[in-house]
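Some notes on the structure that comes next.
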Amino acid sequence: MATPKRTTRVIATYNIKGGVGKTSAAVNLAHLAARDGHPTLLWDLDPQAASTYLFRVRPKVKGGGRGLLRKRGQAAAHIKATDHDRLELLPADFSYRHLDLALDQFKRPAARLRKVLAPLRGDYDYIFLDCPPSISLVSEAVFEAADALLVPVIPATLSSRAYEQLEELARGGHVGRHGTTAIFAFFSMADVTRPLHLKVMERLRRIDDVTVLGAAIPVSDEVELMGEERNPVTVFAPASAAAVAYAALWSELQRRLAPEG
Amino acid sequence: MTARGDLVTFDWPLDAVRSALADRYSAISSGGAGIALRDELDKLVCRVTVRAVPGDSFWLALEPLRGYGDDAERIRQRLLAAGFQTEEAWKSARVALDPSERADVAVARVLRRLLEIQDANLPGSLADADVEFLHDYRVAIRRARSVLREMRGVFVPDELEPVRADLKWLQDRTSATRDLDVYLEEFHALRARAPLTMRASLEPIEPLLRERRARARAEMERALIGDRALALRARWGELLGRLERSEHTPGPDAARPVGALAGERIRRVHRRMVRMGRAITPASPPAEYHELRKRGKELRYLLELFGEPLFDPAVVRPLVRALKGLQDVLGLHQDREVQIEMLRDLGQELVGRPGGADALMAIGSLIDRLEADAVEARGRFAASFAEFASEAQGKLVAQAFR
Ligand SMILES: Nc1ncnc2c1ncn2[C@@H]1O[C@H](COP(=O)(O)OP(=O)(O)OP(=O)(O)O)[C@@H](O)[C@H]1O
Ligand SMILES: [Mg+2]
C-alpha cells in the first residue's frame, strides 16, 4: 500500500485589475481546502502582503524574492504554519515589488516560479498563488506555474473588460506553458439587487470561451470584516452568505480540477 | 484537573506560564491541558501542553509551529527560567559523561536519569491521559534494561540479576496495553487506507479492540500500583543509591574508564549486527528480522546514552543515521507482520459477532495488501543494511570507539 503519488494543483487568483477579490478568494479557498484535509500552501506574491496580513504573519522573507528564486529548495525554509491546521503560508516580502527584475536574471524567467514550486509539490495537495494586480513577467511566470487561473470578475462593465483581455490572451495560446492552464472566472462582489450586475453576469455566462463558475461571491460585510478579524470568513462567520458561496465555489473548482473522471 | 483519585493532580499552570512570557506572548487556554501562545501580531506561534507533574514542578510539552522555531526557543528559555521543565527534561536521557571516569559511577548517573524519567511518566500512564506517557515509561525501562545488560560487568551477578528480572517483569505488565494502544492507532490508519466500500465492514473491529484494551489496562494498573511494583521500585532505588555512593560490590568492569567499556560494547554490538544481517536473505523467517531489530535497538540506546556524550560526533551521527534507516525498514516490516497477526487474531473473535462475516472478508483483503507491503520492506532491506554494514562504516566504528 505505497502512498499514491500526489497530484498537486496550483491555483493562481489572478486579475490585471486591483481590488477585485483575488486575495479574499485565495485566503478563503485555501482555508476550505485545508479544512477538507488537504495539506495546502498559499504563496503571497503581492508585495502589498494582504494575505500575509490576514494570516497574521510578518511580511518578511530573509534574502527577499531574489534569494527565494535563486536556490532550489530555498522556499521551504521560509514557509510558516498559519493558525489553521494543514494550511501553510509562504509570506510576502517588500522586495517582491522587484520580482520582475529578479526573474529577468534567469535564462527562462517565465519558467522560474514553476521550478521554485517543484520541490514543494510533494508536500501539498493544493498550492494557491495570490498575485498582485498587473500584467508582467511575474504574471507570465504565474501562468506557467499554475494549473488553473482563478479570475474574480466584478460584474460591472468596466472590469469585465479586464477579463476579456485575459480571454484574448488565452485564446491566443499565451497562457501557460503549452496553453494548458485552465482559466476559470467567477463573479466577485456580486450585487443581485443591481440590474447592471445581473445583466453583466448573464451576458458573460453566455460567452463560449469563458468558463464562469456557478457560484458567485456576494457583496458582503463579512468579507470586508476579514481585515479586522484577520481570519478567513470561513472561520469567523462560517454560516454567512459569503462563506457559503466560497464553499460552493471551492467544491465546484475542486471537481473541475480533479484528475480525469 | 484531577485524574483517578489522588494519583495525579494537574494544577492549572496558565497564570504562571502567562507571567513568565507576558512581555512578548499572550497565553490563552485552548481547552484540556493545552495553552496557545501568540505573538504581538496575535499569531499562534507555539502550543504548550501540560504533561506531567512530578513533585511541585510542571512539565510542559512545547509544540512549535512551522517557521516559529526562534520563538519556541525563546519561550523554552523563559519557561525554564521560571522553573518549568520542558520536554528535553524528561525525554532526553542524556547526561554528561567523562570518558576517563569510572564505569560504575557513569553507569549510575545514566540509570538514575532513566529512573527519573520512568517515575515521572508513571502518573500519566496510570491516568491514561495520553498514550505517550506509557510509551515513555516503557522506553525508560527498556533503556535501563539495555544498560544493565550491556554494562553488566559493572555489577556482580548476585546484585544484577534480581533487578533485571524485576524490570522485565514490570515491562511485561505494560506490554499488552501498549500493543493495544498501537493496534488502535494502526487500525485507524488501516481503515483510512482501505477502499471506501470496505470501511463499513471494518467497523466491528474497533469496539473489540477497545474492550481488549480496557481489560489489559485494568490489569496493568493493578500491577503498577501493587505491592510487587512498589517493592521493586524500592529495591532498584536502593541498589542505585549504593552504586552512586560506591557501596556496591564492584563487578570486574566497575573501575574501568567508561569510555573504554562503552566503546568495546558498541563495537561488539555493531559487529554482531553486521554478522546477523549478512545471514538474512529474502527467504529468512520474520523472526530473524525481528532479532536484528532488537539488536539494533540495543545499539541505538548504547549510542544515544554513551556514544554521543563520549565519542566523536562526526562518527556517531552518521552511524546513528545509517542505523535509523535500517531500523525504519525493519520496523515497517515488523509492523506489517504484527498488523497481519493482529487482524488474524481479531478475525477469530469476530466470527460470532454481528457483521462478522463481512468483517472477515475485509480483513482478508487487508491482509493481502499488508503482506505485499512486508515483501516490499524486505526488498528494501538489502540496500539499507548495506549502508549500515559497509566496510567504510565498519572501519570507522573500529577506529572511533576505543
Ligand atoms: N465579496 C465582497 N464583499 C465586500 N467586500 C469585498 C468582497 N470581496 C472583497 N472585498 C473587499 O474589497 C477589497 C479588495 O479585495 P481583495 O483584497 O480581496 O482584492 P484583490 O483583488 O486581492 O486586491 P489587490 O489587487 O489590491 O490585491 C478588500 O477591502 C476586501 O475586503
Ligand atoms: Mg490582493
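State, as an integer percentage, the relative contact order of the range A:9-257 based on alpha-carbon contacts under 8 Å between residues 6 or more apart.
Over the range A:9-257, the number comes to 24 percent.
Among the aspartates and glutamates, which fall within straight-line cross-link reach of A:Lys71, defined as a Cα-Cα distance under 16 Å, with same-chain neighbours fewer than 8 residues apart omitted?
The qualifying aspartates and glutamates are A:Asp104.
Kirkwood hydrodynamic radius of the range B:58-115 from all distinct Cα pairs, in Å?
On the way: mean 1/r = 0.0746 Å⁻¹.
Result for the range B:58-115, one decimal place: 13.4 Å.
Output the direction-averaged projected area (hull surface divided by four) of the convex hull of the alpha-carbon atoms of chain B, in nm².
Numbers: hull surface 91.9 nm².
Value for chain B: 23.0 nm².
Return the Cα extents of the range B:109-265 along principal axes one, two and three, sorted largest first, each rounded to a whole Å.
65, 36, 22
Per the Cauchy relation, a quarter of the hull surface: what is the mean projected area of the convex hull of the alpha carbons in the range A:208-261, in nm²?
Values: hull surface 20.0 nm².
Its Cα hull, projected and averaged over all orientations, spans 5.0 nm².
By what distance, in whole Å, do the Cα atoms of the range A:9-257 stretch along each of the three principal axes, largest value first?
The Cα atoms of the range A:9-257 stretch 51, 42, 29 Å along the principal axes, largest first.
How long is the gain from B:Glu63 to B:Arg222 if the chain were fully straight, where each residue apart is worth 0.36 nm and the alpha carbon distance is subtracted?
Values: separation 159, 0.36 × 159 = 57.24 nm, distance 3.29 nm.
So the extension gain works out to 53.9 nm.
Give the average, rounded to an integer, of partner chain Cβ atoms located within 10 angstrom of each Cβ in A:57-66. Display every interim value, and only then the final one.
Details: counts 5, 5, 0, 0, 0, 0, 0, 0, 0, 0.
Other-chain Cβ atoms within 10 Å of each residue's Cβ, averaged: 1.
Whose amide H sits under 5 Å from the amide H of A:Ser134, counting only residues 5 or more places off or on another chain, with H placed in the peptide plane?
Here A:Asn15 satisfy the definition.
What Kirkwood radius, in Å to one decimal, follows from the Cα pairs of the range B:264-402?
Working: mean 1/r = 0.0602 Å⁻¹.
The Cα-based Kirkwood calculation yields 16.6 Å.
Going down the list B:Lys91/B:Lys395; A:Lys62/A:Lys115; A:Lys115/B:Lys297; A:Lys17/A:Lys199; A:Lys62/B:Lys43, which pairs span over 29 Å between their C-alpha atoms? Mind showing how you got there, number by number?
Values: B:Lys91/B:Lys395 32 Å; A:Lys62/A:Lys115 20 Å; A:Lys115/B:Lys297 41 Å; A:Lys17/A:Lys199 21 Å; A:Lys62/B:Lys43 19 Å.
The answer is B:Lys91/B:Lys395; A:Lys115/B:Lys297.
Taking amide hydrogens as modeled 1.01 Å from N in the peptide plane, which residues meet the under 5 Å criterion relative to A:Val212, leaving out close sequence neighbours?
Here the answer is A:Ala185, since their amide H atoms fall under 5 Å of that of A:Val212.
Based only on the alpha carbon positions, what is the Kirkwood hydrodynamic radius of the range B:33-187, in angstrom?
Details: mean 1/r = 0.0566 Å⁻¹.
For the range B:33-187, inverting the mean 1/r across all distinct Cα pairs yields 17.7 Å.
If the protein assembly as shown were replaced by its equivalent ellipsoid, with semi-axes equal to the square roots of 5 times the Cα gyration tensor eigenvalues, what would those be, largest first, whole Å?
On the way: eigenvalues 592, 161, 151 Å².
Ellipsoid semi-axes (Å, largest first): 54, 28, 27.
Which part of the range A:86-114 falls in the paramagnetic zone of A:Arg70, meaning amide N under 18 Å from the point 7 Å along Cα-to-beta-carbon?
A:93-109, A:112-113
Calculate the tail of P(r) for the range B:302-375: the fraction of all Cα-Cα distances greater than 19 Å, expressed in %. All intermediate terms of the calculation are to be shown ahead of the outcome.
Values: 1496 of 2701 pairs.
Percentage above 19 Å: 55.
Once you have a ≥ b ≥ c as the square roots of the Cα gyration tensor eigenvalues for the range A:1-137, tell me rounded if a/c is under 1.5, and otherwise prolate or oblate according to whether a/b is larger than b/c.
On the way: a/c = 1.57, a/b = 1.20, b/c = 1.31.
It comes out oblate by the Cα gyration axes.
Against the 2.2 N^0.38 Å scaling, with N counting residues, where does the range A:20-72 land? I'd like the Cα-based Rg ratio to two decimal places. Intermediate values should be presented prior to the final figure.
Numbers: Rg = 12.6 Å, N = 53, 2.2 N^0.38 = 9.9 Å.
In units of the 2.2 N^0.38 Å rule of thumb, it is 1.26.
Count charges around B:Asp42 for me, please; just the other residues with Cβ under 11 Å from its Cβ, Lys/Arg as +1, Asp/Glu as -1.
Values: positive: A:Arg56, A:Arg230, B:Arg38, B:Lys43; negative: A:Asp83, A:Glu229, B:Asp39, B:Glu40.
With Lys, Arg at +1 and Asp, Glu at -1, the net is 0.
In whole Å, what is the distance between the alpha-carbon centres of the range A:180-230 and the range B:132-173?
Answer, in whole Å: 68.
Taking 8 Å as the Cα distance limit and 6 or more residues as the minimum spacing, I'd like the relative contact order of the range B:92-256 as a percentage.
Details: 143 pairs, mean separation 57.9, N = 165.
The normalised contact order for the range B:92-256 reaches 35 percent.
What's the extension gain from B:Glu387 to B:Arg199 if we count 0.36 nm per residue and subtract their Cα-Cα distance? Write down the numbers at each step before the final one.
Values: separation 188, 0.36 × 188 = 67.68 nm, distance 3.94 nm.
Computed gain between B:Glu387 and B:Arg199 is 63.7 nm.
Residue by residue through the range A:75-90, what is 3J(HN,Hα) from phi via Karplus (6.51 cos²θ - 1.76 cosθ + 1.60, θ = phi - 60°)? Round to whole Hz and write x for glycine and proline.
The phi angles translate into 4, 4, 5, 9, 6, 10, 6, 8, 6, 10, 3, 6, 9, 10, 10, 9 Hz.
Which values of log₁₀ I(q)/I(0), to two decimal places, follow from the Debye formula for the range B:14-91 at q = 0.11, 0.16 Å⁻¹ with a uniform point scatterer at every Cα?
-0.23, -0.50
Every number in this text was worked out from the coordinates using simple rules, so none of it is lab data. Here the structure is a predicted model, which is why all the values come from computation and not from measurement. Please note: Cβ atoms are built from the backbone with ideal geometry, for glycine as well, and neighbour counts cover all protein chains shown.
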